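A quick write-up on the structure given underneath.
Every number in this text was worked out from the coordinates using simple rules, so none of it is lab data. Owing to the predicted nature of the structure, the values given are computational and were not obtained by experimental measurement. Using ideal geometry, Cβ is built from the backbone for each residue, glycine included, and neighbour counts are taken over all protein chains shown.
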Amino acid sequence: MQKNKLVLILTALCLCTCSTGYAQNPLIRNQFSADPSARVFNGKVYVYPSHDILATEGKGQVGWFCMEDYHVFSSHNLTEWIDHGVIITQNKVPWVRPDSYAMWAPDCIEHHGKYYFYFPAMPKDTVANGRGFAIGVAVADTPEGPFIPEATPIKNVHGIDPNVFIDKDGQTYLYWSAGNIYAAPLKENMLELAAEPIILTELPSQGLKEGPYLFERNGIYYLTYPHVDNKIERLEYATGNHPLGPFKVAGVIMDESPTGCWTNHQSIIQYNNQWYLFYHHNDYSPAFDKARSIRADSLFFLADGSIQKVIPTLRGIGHSNARKTIHIDRYSAIANEGAAISFIDTTNNFKGWKTSFVKAGAWVQYNSVDFGKKPANKILVKANAPAGAALQVHTGGLNGPVIAKIKIPATGQWKIISYKLLQPVKGIQQLFIQSTSNNMVDIDWIQFE
C-alpha cells in the first residue's frame with residue numbers, strides 16, 4: 001500500500017467513534033493505544049497507555065511513531081472501559097519540546113495518597129545537549145487527574161519507558177531504558193533520584209531491550225521487558241531477590257507477533273486473585289505497525305514461580321454481559337473451515353470485525369458470557385445474509401443444549417433479527433454459534449434480553 005493512501009485511510013480511522021465498548025481484545029475501540037501500564041487503584045483497574053496517532057506532513061514524522069498526549073482508562077469488570085480523557089498533552093508541559101510528538105510509554109503509581117504519572121518526552125534543549133529523551137512527572141489527587149506536570153524533568157535521567165516500583169519496605173525505584181535498562185532508587189518526594197543510576201547488566205547483551213516493568217510475587221522480583229531476539233520484540237523476564245538485582249534471565253512471557261508487529265510493551269497486575277498481562281498489537285492497523293491497540297490476557301505461574309507463556313487471544317479477559325452487544329469475532333475458538341473474520345468496513349477499521357459463515361456446521365465459540373440471575377428469553381442478532389441463512393446457538397458445547405434457532409431473511413443488508421429463546425438462560429455460559437445452512441451470512445453482534 002502506498003504511504004499517502006495509507007495515511008489517508010488511517011487518518012479516517014482516528015476520526016471515527018466506537019460503536020460499543022463491550023468486546024474484548026483490543027480493549028480500547030475508538031482510538032489507537034499502546035504501551036499499557038495497568039494499575040489497581042481503589043478496587044478498579046486503571047490503564048495508562050500511550051496514544052498513537054497518524055503523522056502527517058508538519059505533524060510528526062510520517063511513517064513513524066507519533067504521540068502527542070495521554071489518556072487514562074478504567075474498568076470495574078475488565079470488560080467495560082471508561083475513557084477519562086486526556087491527562088497530559090505535549091504542548092502543556094513546560095519542559096517538553098513543542099510539537100515533538102514523542103510522548104512514549106508512561107507509568108503511574110500511588111504513594112501516600114498522591115498519584116504520580118511518569119512519562120518520557122523530548123526536552124526543549126534536546127538538540128543542544130544531544131541527550132534525546134527525558135522523563136517527567138505529573139501529580140494528581142485521583143487516578144483520573146487532573147495531573148499537574150512538574151516544571152522540569154527528573155534530573156540525571158535520560159531515556160524512555162519509565163516504570164516505578166514500591167517495595168514492601170516503602171522504598172521506591174525508577175526503571176527506564178536507553179540502549180540498556182537502568183534503575184535507581186527515588187527520594188521520598190518521588191521526583192528525584194536518591195542515588196546514581198545503575199545499568200542492569202545481567203540481561204541479554206544482544207538486541208534491543210526496552211520497556212522495563214518490575215513486580216514482586218512471593219518474594220521473587222520479576223523484571224519484564226521487550227527484547228529483539230531476532231527481528232521483532234518478544235516479551236521476556238528475569239528474576240532476582242532484590243529490586244536492583246542481580247537478575248537472572250528466566251524465560252519468555254509472549255512470543256513475537258505472528259503477523260509481524262515490530263513492538264510489544266507489557267505490564268502485569270493481580271486483580272481479584274487473577275494475574276493479567278497487558279500488552280499491545282496492531283489489530284486495527286494490520287498494514288502499519290506504528291498504530292497499535294492495547295490488549296490483555298490471563299497470566300499464570302507454575303509451581304516453581306516461573307511464568308507460563310501467554311498465548312494471545314481475541315477473547316481476552318472478563319465476563320461479557322449477555323445484555324450488551326457481544327462481538328463473536330473476538331472468539332475463544334473457531335471452526336477450522338467455513339468460518340472467517342474480517343473488517344466490516346476496510347475504509348474505517350474502527351467499525352470492527354464481522355464473523356462470516358459460508359457452510360453448514362461452521363461455528364464460533366465465545367466463552368464467559370454472564371446472563372446474571374434473571375433469565376434471558378430473547379436473542380438479537382445483527383446479520384447480513386444476501387440469500388438468507390440459518391443459525392443455531394448452543395450453550396456448554398456443540399453437543400450442548402440448543403437455546404436458539406434463527407432464520408435470517410434474504411435482505412442483502414445489515415438487519416437486526418429478534419428470536420425467542422427455546423429455553424431461558426442464566427448464569428455464566430459458554431456459547432457456540434453455528435451455521436445450519438450453506439448460504440453465506442455475516443454476523444456483527446449478538447445480544448440477549
> Which loop-located chymotrypsin sites (Phe, Trp or Tyr not before Pro) does the stretch 22-72 contain, where loop means any DSSP state but H, G, I, E or B and the Cβ has at most 13 other Cβ atoms within 10 Å?
Replying inline: Trp64
>> Tell me the relative contact order for the chain as a rounded percent, counting alpha carbon contacts under 8 Å between residues six or more apart.
In response: 12
> So which of Lys187/Lys248; Lys155/Lys290; Lys114/Lys187; Lys324/Lys382; Lys351/Lys426; Lys309/Lys354 end up more than 23 Å apart by C-alpha?
Replying inline: Lys187/Lys248; Lys155/Lys290; Lys351/Lys426; Lys309/Lys354
>> Run the paramagnetic zone check for Glu449: 7 angstrom along Cα to Cβ, then residues of the stretch 415-432 with backbone nitrogen under 18 Å.
In response: 415-426
> Reported to two decimal places, what Rg/Rh ratio describes the chain when computed on Cα atoms with Rh from the Kirkwood expression?
Replying inline: 1.00
> Which far-off residues, 5 or more places away or on another chain, put their amide H under 5 Å from the one on Ala105, with H placed in the peptide plane?
Replying inline: Asp161
> So how tilted is helix 3-15 from the main axis of the chain? Cα-based, degrees 0 to 90, rounded to 10.
Replying inline: 80
>> At 0.36 nm per residue, and after removing the present C-alpha to C-alpha distance, how many nm does the segment from Asn180 to Ile220 gain when stretched out fully?
In response: 12.2 nm
> At Phe301 and Asn156, where each label point lies 7 Å from the Cα along Cα→Cβ, what is the point-to-point distance in nanometres?
Replying inline: 3.3
> Hey, what did the stretch 289-352 get for relative contact order, percent, Cα under 8 Å, at least 6 apart?
Replying inline: 20
> According to a simple spin-label model (label point 7 Å from Cα along Cα-to-Cβ), what is the distance in nm between Leu422 and Lys373?
Replying inline: 2.9
> Which log10 I(q)/I(0) values, to two decimals, does the stretch 123-195 give at q = 0.23 Å⁻¹ under the Debye formula with one point per Cα?
Replying inline: -1.15
> At a Förster radius of 35 Å, what calculated FRET efficiency corresponds to the Cβ-Cβ distance of His319 and Ala194, to the nearest 0.05?
Replying inline: 0.20
>> Relative contact order of the stretch 349-439, please, whole-number percent, based on alpha carbon pairs below 8 angstrom and at least 6 residues apart.
In response: 44
>> Can you give me the long-range amide H partners of Arg295? Hydrogens built in the peptide plane at 1.01 Å from N, cutoff under 5 Å, separation of 5 or more residues or another chain.
In response: Leu27, Tyr279, His280, His281
>> 5 Å is the cut-off here: which amide hydrogens, built 1.01 Å from N in the peptide plane, fall below it relative to Ala389, excluding neighbours closer than 5 in sequence?
In response: Ile408
